[in-house]
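Notes for the one structure printed next.
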C-alpha cells in the first residue's frame, strides 16, 4: 500500500512538472551563416560568429553554425540547408565597421582605425559597428530582419579588442530583438 501511494505521489509530481518543462524547451533550430566571406580568417568576424551562437544559446534558442558559405548562396540553398540540418531557417548576418579617417586639429597623421602621433602612439579613434541580421525561411524568403549599431571611442594599439567589443554589443541587441520578434499568426 505504501509503495502504491509513493508511486502515485511520484507520478503526480512528474505530471505537474512535465508541462512546465515542455514550455521551457526550445523549439526549432536555426542555422547561422558565418560572418565574412568563405575562407576569411579575420579573428573579429570569427569571434562574432561564435558570439552569435553563444548569445542565442543563452536565450534558449538552438543554433548550429554552418560551414562558411557566401550569404547569397546560402539564401539560394535554404531548402537544402534546412533539410540537411532539420532547421526552421537560416540566420544570415552582415557586420561592417566604420572608423574615422579624419585629420584632427593636432596635426596627427590619419590611418584606418585612428591617428598615429609623431611619437608613434595610437590615439583615440571613434569606431562603429553596423550589424544586419536576417531570418531566412526554408524557401529562401526573408521573414524577419533587424539593424543594430554600437559605437566606441577606442584608445590603444589593439583595435581588434575595440571592434570585438562593439560587435558583441550589436549582437546582444540583435539577439534580444530576434527573441522578441512578432511571431506569425497561426493559419486557420
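Based on what the data block shows, is residue 48 surrounded by 14 or more Cβ atoms within 10 Å (Cβ to Cβ) and either in contact (Cβ under 8 Å) with a residue 40 or more places away in the chain or assigned to a loop (DSSP other than H, G, I, E, B) (or both)?
It is true that residue 48 is surrounded by 14 or more Cβ atoms within 10 Å (Cβ to Cβ) and either in contact (Cβ under 8 Å) with a residue 40 or more places away in the chain or assigned to a loop (DSSP other than H, G, I, E, B) (or both).
Take residues that are surrounded by 12 or more Cβ atoms within 10 Å (Cβ to Cβ), modelled with pLDDT of 65 or more and touching a helix residue (DSSP H, G or I) at 6+ places or on another chain (Cβ under 9 Å) and tell me which of the strands (runs of 3 or more DSSP E) falling wholly in region 84-188 contain 1 or more.
Where strands (runs of 3 or more DSSP E) fall fully within region 84-188 and carry at least 1 residues being surrounded by 12 or more Cβ atoms within 10 Å (Cβ to Cβ), modelled with pLDDT of 65 or more and touching a helix residue (DSSP H, G or I) at 6+ places or on another chain (Cβ under 9 Å), they are 89-99, 125-136, 142-154.
Need pairs with beta-carbon distance below 6 Å; first residue on the phi < 0 side of the Ramachandran plot and without any contact (Cβ under 8 Å) to a residue 12 or more places away in the chain and within region 153-173, second surrounded by fewer than 18 Cβ atoms within 10 Å (Cβ to Cβ) and not in a helix (DSSP H, G or I); sequence gap 6+ or separate chains.
none
The values are calculated or read from the model by the stated rules, or taken from the named source; none is laboratory data. As the structure is a prediction and not an experimental result, all values here were calculated from the model. All Cβ positions, even for glycine, are placed from backbone atoms using ideal geometry, and neighbour counts span all protein chains on display.
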